[in-house]
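Report on the structure given below.
The values are calculated or read from the model by the stated rules, or taken from the named source; none is laboratory data. All of these numbers come straight from a predicted model, not from anything done at the bench. FYI the Cβ positions are ideal-geometry reconstructions off the backbone, even for glycines, and counts take in every protein chain you see.
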Amino acid sequence: MVKDMTITGHYQSRYLDVNPEKSSFLVHRDAYRCPEVFRLEKEKVLYKTWIIIGHESEIANPGDYIARTVIDKDLLLNRDRNGVVRAFFNSCRHRGPSVCREKSGNRKTFVCPYHGWVYKDDGTLMTSGTPESDATFPEGFFDGHISLMPVPRLESCAGFYFVNFDPDAPGLLDFLEDAADRLQLIDDQATTGMEVIRGVHEYEINANYKLLCENSYDGSHLGPVHQSYIEYMMDVLKGESLNSVGLAKSFGGGHASFEIWVRAGRAVAQWIPSMGEEVRAEVEAKKKEVYERLGEERGKLVCESHRNMVIFPNSIINDQQSVLVRSIIPVAQNKMLVRAWTLGPKEESPALREIRLTNMLAFLGPGGFATPDDVAMLEMAQRGYEATDIEWNDFSKGYTPDEKTLKGGVSDVNNELQMRAYWLQWDRMMSA
Amino acid sequence: MTSAQMNRLDIEDFLFHEADCLDRWDMDAWIALWDSGDDVAYEVTPTSEREVSDLAPESTMFLIADNRYRLEQRMIRMKKNSFHAEYHRSRTRHMYGHVRILAQTDTDLDISFNAAVYRTKDEKTVVYPSLVRAKLRKTPQGLRFVKKRIELDLERLATMGALTILL
């Protein structure tokens, strides 16, 4: 059982075998490879947790909308003419087609292309196309009681909009626990707000989606997998130290992060020589502004640390040279679609924006110097689960019987506290 | 400096040689086909956008946006055993067609061509269809790339999610 965020006694379920006295934490590979587990996981985890759908800057003005898939559902997120933000299932109530074929835009109505039903931007059905057609429907059909189907829950935190398909789920802030403050650290980078930068990386990985979550805040894979990237960074930094110290932290609810203190440069706001003299003044002024606004301690956290966080169960936020959000669509037990998008302060200069993007691209993304090697490892791991009879994965690194695994835990970044926090929450929901 | 006017056959000879270097994974020979100037750019546009002609990597997140330095570093990485994503290496076939000379001066050429790059790895084959826009420079050693911009027709990177070959 879990007492005071710490596992007490030998705990066994279908998915976990945790023995604190032996410092052993094992996860069954069926959690990655079994189609039946994936089906169950949708019902018990993915449809019951808060999933990021987008950012407020994408629907800044009345009429703005985005159409996006979350988990396996096609959704519309819009700001109606009165400024109210809404989320709907993107399907006509009449016979099914999507009422919006663009990925984003601005409109006051959504029209189904099949039979011409017209919905107002608050979702209500206005007309079937013409007064003659409307007259053939039952009395009161267009009085506003029919609407695009709203997504059961929609809430926001620090500019990020989340949806939840469970009407009875606890609120977003209760769900996020201490991760909410980590999201706020991103919003704190800007005085005029953060904005989504154009261009999205969309790529498939033939592996279970949880493998990418694990990989994103796994400290001990950096040396073996990213040797060639580290050698590149050494060349970029030209003698500056790449020495880092880092801590893994658990925030409750399965959310966790690693935080690394390394002088690798950040657009907000850590200037290093390789960024170039031309942006030095802007970065240093930004740092001063952040420190004055947030105080020394929090300012330092925003400007000087590099942080990868997983918001349970499928949202990854890399807060480094830039802010990269990876929203994962779990397609099958052995396949995911990654949708990675990036954010920067609205007030950022074009010169610094360019540096933000090129520095990040060198590391992250399917054409970068690091992400492709992660993808290779994930796909090899998945193959290992499916093509051998081995049952258990080991997450014991750095595990001690008194570890506050679920919340408030702090460990060296090269340990596996962050994954243990994830798996404990996952098991709680799956075993419920 | 060769200032003579060049025709499509001259350009095709150069491009077919470039494709051959890539398909043989001869990275040293390939990088030698690039100009040494500061204005060198190798770009792959993001698959999320339908209209890419006005997009620039300074303000849009591309898939790849290398300058001369990063392109050299990419070559170094591509030759390492620690380049896990290409262990084993993909086999590629670069098919180029519809080559056009859009503009020509004494020193430079703007060209475009269609490309279909076949990539085979781990028992799968994918195709990368694209329009390539390039700037070539006439040098005493022959033609050199100043810019190669691959405008991908794909809507996402499917099947092989990491773009670890050169297009």
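Give me the strands (runs of 3 or more DSSP E) completely within the range A:25-94, filtered to those with at least 2 residues that are free of Cβ contacts under 8 Å to residues at least 40 places away in the same chain and crowded, with 16+ Cβ neighbours inside 10 Å, ordered by residue number.
Fully inside the range A:25-94 and qualifying: A:64-70.
Those residues that are in a strand (DSSP E or B) and either more than 20 Å from B:T164 (Cβ to Cβ) or among the hydroxyl-bearing types (S, T, Y) (or both), I need them from the range B:104-116; list them, please.
If the condition is that a residue be in a strand (DSSP E or B) and either more than 20 Å from B:T164 (Cβ to Cβ) or among the hydroxyl-bearing types (S, T, Y) (or both), then B:Q104, B:D108, B:L109, B:D110, B:I111, B:S112, B:F113, B:N114 are the ones that fit.
Regarding B:S82, is this residue facing chain A (nearest Cβ under 9 Å) and surrounded by fewer than 19 Cβ atoms within 10 Å (Cβ to Cβ)?
So B:S82 fits the description; yes.
Which of the residues belonging to the range A:369-392 are under 17 Å from B:L63 (Cβ atoms) and either of a type in the set (A, V, I, L, M, F, W, C) or without any contact (Cβ under 8 Å) to a residue 40 or more places away in the chain (or both)?
If the condition is that a residue be under 17 Å from B:L63 (Cβ atoms) and either of a type in the set (A, V, I, L, M, F, W, C) or without any contact (Cβ under 8 Å) to a residue 40 or more places away in the chain (or both), then A:F369, A:A370, A:T371, A:P372, A:V375 are the ones that fit.
Within the range A:144-255, which strands (runs of 3 or more DSSP E) (wholly inside it) include 3 or more residues that are within 14 Å of chain B (Cβ to nearest Cβ)?
Qualifying strands (runs of 3 or more DSSP E): A:201-205.
Is it the case, given these coordinates, that A:G193 is surrounded by fewer than 15 Cβ atoms within 10 Å (Cβ to Cβ) and of a type in the set (G, A, S)?
no
So which residues in the range A:147-159 are hydrophobic (A, V, I, L, M, F, W, C) and either more than 10 Å from A:G123 (Cα to Cα) or crowded, with 17+ Cβ neighbours inside 10 Å (or both), if there are any at all?
A:L148, A:V151, A:L154, A:C157, A:A158
Among the residues of the range B:129-137, is any within 14 Å of chain A (Cβ to nearest Cβ) and either part of a strand (DSSP E or B) or free of Cβ contacts under 8 Å to residues at least 12 places away in the same chain (or both)?
Checking the range B:129-137: at least one residue is within 14 Å of chain A (Cβ to nearest Cβ) and either part of a strand (DSSP E or B) or free of Cβ contacts under 8 Å to residues at least 12 places away in the same chain (or both).
Kindly establish whether B:R119 is within 14 Å of chain A (Cβ to nearest Cβ), part of a strand (DSSP E or B) and not hydrophobic (A, V, I, L, M, F, W, C).
So B:R119 passes the test.
Just to check your reading of the model, which residue among A:A158, A:A169 is of a type in the set (A, V, I, L, M), closer than 14 Å to A:I317 by Cβ and at pLDDT 95 or above?
After applying the criteria, what remains is A:A158.
Output yes when any residue across the range B:107-129 is surrounded by 20 or more Cβ atoms within 10 Å (Cβ to Cβ), farther than 23 Å from A:R339 by Cα and among the small types (G, A, S), and no when none is.
Checked against the condition, which is being surrounded by 20 or more Cβ atoms within 10 Å (Cβ to Cβ), farther than 23 Å from A:R339 by Cα and among the small types (G, A, S), the range B:107-129 yields at least one hit.
Please return the ranges of strands (runs of 3 or more DSSP E) entirely within the range A:285-393 where 1 or more residues are within 13 Å of another protein chain (Cβ to nearest Cβ) and surrounded by fewer than 21 Cβ atoms within 10 Å (Cβ to Cβ).
Ranges flagged: A:323-332, A:335-345.
Of all the residues that make up the range B:139-165, how many are surrounded by 20 or more Cβ atoms within 10 Å (Cβ to Cβ) and farther than 18 Å from B:V44 by Cβ?
1
Six or more apart or on different chains, Cβ under 8 Å: which pairs go from a residue in the range A:127-140 that's in a helix (DSSP H, G or I) to one that's of a type outside the set (V, I, T)? Could you list them?
Listed by first residue and then by second, the contacts come to A:S133/A:G116; A:D134/A:S128; A:D134/A:F141; A:D134/A:F142.
Can you confirm whether B:L9 is more than 9 Å from chain A (Cβ to nearest Cβ), over 16 Å from the mean Cα position of the chain (by Cα), in a helix (DSSP H, G or I) and of a type outside the set (S, T, N, Q)?
Yes; evaluated as a whole, the condition is true for this residue.
Tell me, which residue of the range A:237-262 that is out of contact with any Phe, Trp or Tyr (no Cβ under 8 Å at 6 or more places or on another chain) and either free of Cβ contacts under 8 Å to residues at least 40 places away in the same chain or on the phi > 0 side of the Ramachandran plot (or both) is surrounded by the most Cβ atoms within 10 Å (Cβ to Cβ)?
My answer is A:G252.
Can you name every residue in the range B:25-50 that is among the charged types (D, E, K, R), assigned to a loop (DSSP other than H, G, I, E, B) and within 11 Å of another protein chain (Cβ to nearest Cβ)?
B:E49, B:R50
Does B:T92 meet the test of being farther than 22 Å from A:E348 by Cβ, within 11 Å of another protein chain (Cβ to nearest Cβ), within 17 Å of the chain's Cα centre (by Cα) and at pLDDT 95 or above?
no
Just to be sure I understand the filter: pairs with C-beta atoms under 8 Å, separated by 6 or more residues or on different chains, first member in the range A:1-24 and outside the structural domain of A:E391 (by TED's automatic domain parsing), second member among the aromatic types (F, W, Y) and outside any strand (DSSP E or B). Which pairs pass?
What qualifies is A:Y15/A:W423; A:Y15/A:W426; A:L16/A:W423; A:P20/A:Y399; A:S23/A:Y399; A:S24/A:Y399.
Report whether or not A:Y399 is among the hydroxyl-bearing types (S, T, Y), touching a residue at least 40 places away in the same chain (Cβ under 8 Å) and assigned to a helix (DSSP H, G or I).
no
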